[in-house]
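Presented below is the structure to which this report refers.
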Amino acid sequence: MADGTFTAGAAPRVESPGFFGFTLPQGIAFLVMVAFVLVSPFFLYPVFLAKVLCFALFACAFNLLIGYAGLLSFGHAAYFGMGAYVTGYAAKSWGLPPEVAIPLGGLVGAALGLPFGWLAIRRAGIYFAMITLAMAQMVYFFALQAPFTGGEDGIQSIPRGTLFGMFDLTADLTMYWLVAGIFLGGFLLIHRIVHSPFGQVLKAIRENEPRSISLGYRVENYKLLAFVLSAGLAGIAGGTKALVFNIATLTDVRWEMSGEVVLMSLVGGLGTIFGPVIGAGVIIAMQNYLAQFGSWVLVIQGVIFIACVLAFRRGVVGEIGNLLKVKL
Amino acid sequence: MIETILFELELALPQVVLGLVNGAFYALLSLGLAIIFGMLNVINFSHGAQFMMGAFVAWMLLNWLGIGYWGALVLAPLLVGAFGIVIEKTMISRLYKLDHLYGLLLTFGCALVIEGVFRNEFGSSGLRYATPPEFKLLDLEFGDFFLPGYRVWVVMVALVTCLGTWLVIEKTKIGSYLRAATEKPQLVQAFGINVPRMMTLTYGAGVALAAFAGVLAAPIYSVHPGMGANFIITVFAVVVIGGMGSILGAVVTGFMLGLVQGVTDVFWSEASATVVFVIMAIVLLTRPAGLFGRA
Amino acid sequence: MSLDRRTLIKGAAVASLLPALGAAPFRSARAQAANTIRIGVLNDQSGLYRDLSGPGSTQAVRLAVQESGIAQRGVTVEVVQADHQNRPDVGSTVVRQWIDRDGIDVVVDVPTSSVALAVNTLVRERNKVYLNSGAATSDLTGSACSPNTIHWTYDTWMLAQSTGGAMVRAGGKSWFFITADYAFGHALERDTSNFVRSQGGEILGAVRTPFPGTTDFSSFLQQAQRSRAQVIGLANAGGDTINSIKQASEFRITRGGRTKLAGLLVFVTDVHALGLEVAQGLVLSETFYWDLNDKTRALTQRLGAMPGGVRPSMVQAGCYASVLHYMKAVGDMGVAAAKASGIEAVTRMKAMPTSDDAFGEGTIRADGRKLHPCYLFEVKQPSESSGAWDYYKLLGTTDAANAFRPITDGACTMPRA
């Protein structure tokens, strides 16, 4: 945040949460987002949009941890990637339909998040970030060696399958609707978590941990639960992505992928609700546009990182919110 | 039975020694990281990229200016160190009053930029840097196994450098100012010592160490933009194991883990990449501050 | 808002995000010019396979288009290129967009077997044409065979039989492999192992090296040495092979002549990078060498100056030959029919024998395997060479009928026309 902390910051004025925990400005923003999701596949390439939504969900999951629990995970690619691999393997080798394969990916992400989170939470701040990074690197090396991931080849020709035995997902548009549904569902779930009693305790822990402990809260358990939820949602995002592109590769578990999701949230606005979504859209669009220019993507991403850290800490949505004096 | 074991050990020795060479790089890189972290409380994510820059500067000095290995050993750290000082003065110093995680993010961004620029310029396949022929004098032979002299030199130089740096920090006056400023910067500043300048120079020194390691690495790993990224995350794990602010811890752990990797390579080569992280997990469970760290 | 440094940086950050606005890929229907063929050359433009494929392949394709004379029939040809960075996800994303959005009809080259296999599936699903010149895996005409694919230039079975065979004949009965850990390395190791065993040899072990990204092979070479194998088989290519050979020489692995190195896939560009001092005596197999005969020399002359200052590799020659032959089929069946169905175009290509300056006379088999002779070369000693790029002496030739795996031995389940 602009004040140098990682908290979401206090709202400029007291808002009374209305429909579904959204304030009025947030509700409007939500409706705009839904409208865009519904209309865009008719004038933009659906596979591109599906990719944006998968990463938007991934970024939202990551943001849950940093924005509301104050924990910067630098190894979130582990859950995303393993979700992709497991969903891919389940769909291809076990022939499981997407309604089973994708949740399976989420489950694996959560299952991985449990021991990793437990270990990482023993330290705080920078150490936490370093530990998550190292854990993710372990997962990368595991994925490199394990026979089922196919190493450098990855899992290829993943069939999208038929949803509930009724909807054939091979058509790009149909697949997009499923992705849109998963994204909106995940988004609302995260929002619900944040505005629940559990979310309130998380906020308390983030704002003043010693006081929370003195009030009797088992702080470790709350942090761990947030971590596992975040990891599970990242796994779902990864699994969905694997089905969209019919492929799951080492790229999904590399540390560069962890860095990308941090970048998306940073650009969009850490700790804001809509920030990660905007951030994902911006970064994916930029990558798409610059793909023909080779490594300039890396350079531009680095420049954006630096610029955001130095002068743009609120991110796009944060700045808009600051201008309008609302919390988005 | 004993003969077979001894025979196996004799065959394994070369790989263990090679692990020590890796350990030399771990030690040098984690030394630089530990110094920067100790003084500035910043995790220098661009350490790997600066290591890579050192190797590239050595290559450029040789191919564009005709300056050979020995010149590069001196010039590359100076040049890259100066670049580091510029980064610190313009960008990193602004972040000291903020959450330390911003420093991590900033240097991460720097790493991306540096790697991207070099990848664009030079491609990703790697440029060859010839091993200087002088080191043939150090060639070693044990039985069937032949160790090129250059790798012996790397281990020796790394040991000397690490020891020298440790001596400077622990036993000299400047080192004592550094250690004092790490613990109580305001107080030290009140004594008239220019603490911000010390921080800038410390960052430059840490970066110079990374570049020095890069020059050493050029003949072995061939010069390519990804060479830093390959190392840096393992080095982070080394630093966590050793204890984040401990200089001695960084060096000892670096060499030790190189050895452990070498041994693992012999018996279970697929695991040699992960063994460092497994050890890190164990250390975190038992001694969270690190083996040599102060909690 | 005062114009201070922070605002400036903020402005710069926002400005750098603006290209994103222009990046949204709009789904406007492309007016498909009915008489335009679009060729996409996909390969490694920045990594370890850049010199043997890269922009040189695109240059070869453009020459083929020019020399095919297709322009005289009123057909326009567009050639685009892209870098797959040796990653299957990047490659498949590019091809997906190429076909779905950009109207590409033919995908050419694609070295790196993992990418090649991913592209193979995509092209088949969308009924376009896939002329693979760069990849090695024999699975492209085996378990992954497709009616939309023609595998040109070479494959792992050919290499195993030619180079592997030569090494076994020279006395190398026990082998240890250093294998690049992806589809190509595995296929090459598998095919060579099968061949060695069938000749009464034994495989003492293998070690997988992470790909791409491994530049230090010393520890793997040590493991190979420990096994006491007579032959260390390098199941890798490009930069990996160069580093392995260079380091083997540095560590004196082949000292005493007890252990030999088998470079199972070596290109003339690799020998150039190694230098004759290090590479002399290396035995290798290729299907094209620029100095082999008058025709190859003429083709090299016509290709002119190549990017990176290299002489054409067999992969680049294969790009030339495959596109030349494709244009013949287009001329024969008409543009509309060629664009409409990849299977039809490929079937027409299979029906016509090939003839070009790169590989001479050849045929294309029902499973998509292009057949032409394979040459066994040995790298000259420095004293035998007259200068740069004069590197090979010819040891032997395997004729087209015997160079490649018999069609019955592959696991190809395509219905035979």
query: Membrane-span-like helices in chain B: DSSP H runs reaching 30 Å or more (Cα, own axis), mean Kyte hydropathy at least 0.0?
result: B:2-40, B:69-90, B:100-122, B:149-171, B:195-221, B:247-267
task: Compute the Rg/Rh shape ratio of the range A:45-255: radius of gyration over Kirkwood radius, all on alpha-carbon atoms.
output: 1.00
- line: In the protein assembly as shown the DSSP beta bridges are antiparallel at a rate, in percent to nearest 5, of 40 percent
- prompt: For B:GLU141 and C:ASN293, FRET efficiency with R0 = 56 Å and r from the beta-carbon atoms, rounded to 0.05?
  reply: 0.75
message: Let's test this: bin the Cα-Cα distances of the range B:166-210 at 5 Å from zero up to the farthest pair and state each bin's percent.
response: 5, 22, 29, 27, 13, 3, 0
- prompt: For C:SER46, B:SER124, what's the fewest-to-most ordering of other Cβ within 10 Å of each Cβ?
  reply: C:SER46, B:SER124
Simple Cβ-charge dipole of the protein assembly as shown, Lys/Arg +1 and Asp/Glu -1, about Cα centre, in debye nearest 20: 2200 debye
- request: Report the longest stretch of chain C that contains none of the trypsin sites (Lys or Arg not before Pro) sitting in a DSSP loop with at most 10 other Cβ atoms within 10 Å.
  value: C:31-415
- request: Treat the count of other C-beta atoms within 10 Å as a stand-in for reagent exposure and order C:PHE211, A:PHE148 from fewest to most.
  value: A:PHE148, C:PHE211
task: Please work out, to two decimal places, the log10 of the ratio I(q)/I(0) at q = 0.07, 0.08, 0.09, 0.10 Å⁻¹ from a Debye calculation in which every Cα of the protein assembly as shown carries one identical scatterer.
output: -0.63, -0.83, -1.05, -1.29
field: Inter-label distance for B:SER93 and A:THR174, nm, one decimal - labels placed 7 Å from Cα along Cα-to-Cβ
entry: 6.3 nm
query: What Cys residues in the protein assembly as shown have no fellow cysteine's beta-carbon under 4.7 angstrom?
result: A:CYS54, A:CYS60, A:CYS308, B:CYS110, B:CYS162, C:CYS319, C:CYS374
field: For the range C:102-108, 3J(HN,Hα) per residue [Karplus equation, 6.51 cos²θ - 1.76 cosθ + 1.60, θ = phi - 60°, Hz, x = Gly/Pro]
entry: 9, x, 6, 9, 10, 10, 10
query: In nm, what is the difference between 0.36 nm times the number of residues separating A:VAL39 and A:TYR217 and their Cα-Cα distance?
result: 59.6 nm
- line: With Cα coordinates, the longest principal axis of chain C makes an angle with the long axis of helix C:342-351, in degrees rounded to 10, of 50 degrees
- prompt: Using the Cα gyration tensor of the range A:169-247, with a ≥ b ≥ c the square roots of its eigenvalues, what is the shape: rounded (a/c below 1.5), prolate (a/b larger than b/c) or oblate (neither)?
  reply: prolate
query: Against the longest principal axis of chain A, how steep is helix A:46-63, in degrees 0 to 90 to the nearest 10, with axes from Cα atoms?
result: 40 degrees
message: Can you tell me which of A:THR87, A:THR272, A:THR170 moves the most in a GNM of chain A? Springs connect C-alpha atoms under 10 Å apart.
response: A:THR170
statement: Cβ density ranking, 10 Å radius, fewest first, applied to C:ARG87, A:ARG123, A:ARG314 yields A:ARG123, C:ARG87, A:ARG314
field: Antiparallel %, DSSP beta bridges [both residues in chain C], to 5
entry: 30 percent
statement: CD proxy, 222 nm, the protein assembly as shown: helix-only mean residue ellipticity via -39,500 (n - 2.57) per DSSP H run with n ≥ 4, per residue, nearest 500, stands at -19000 deg cm²/dmol
message: If I fit a long axis through the Cα atoms of helix A:197-207 and take the longest principal axis of the Cα atoms of chain A, what angle between them do I get, 0 to 90°, rounded to 10?
response: 60 degrees
- prompt: Between B:LEU137, B:LEU33, B:LEU95, which gets the highest mean-square fluctuation from a Gaussian network model of chain B, Cα cutoff 10 Å?
  reply: B:LEU137
statement: Too long for a 26 Å Cα-Cα cut-off, among C:LYS260/C:LYS380; C:LYS295/C:LYS393; C:LYS128/C:LYS295, are C:LYS128/C:LYS295
- prompt: What's the long-distance tail for chain C, i.e. % of Cα pairs beyond 28 Å?
  reply: 48 percent
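Taken together, the values in this text are just the output of simple stated rules run on the coordinates, not laboratory data. Keep in mind that this is a model prediction, so the values were computed, not measured. When we count neighbours, we look across all protein chains shown, and the Cβ atoms used for this are built from the backbone with ideal geometry, even at glycine.
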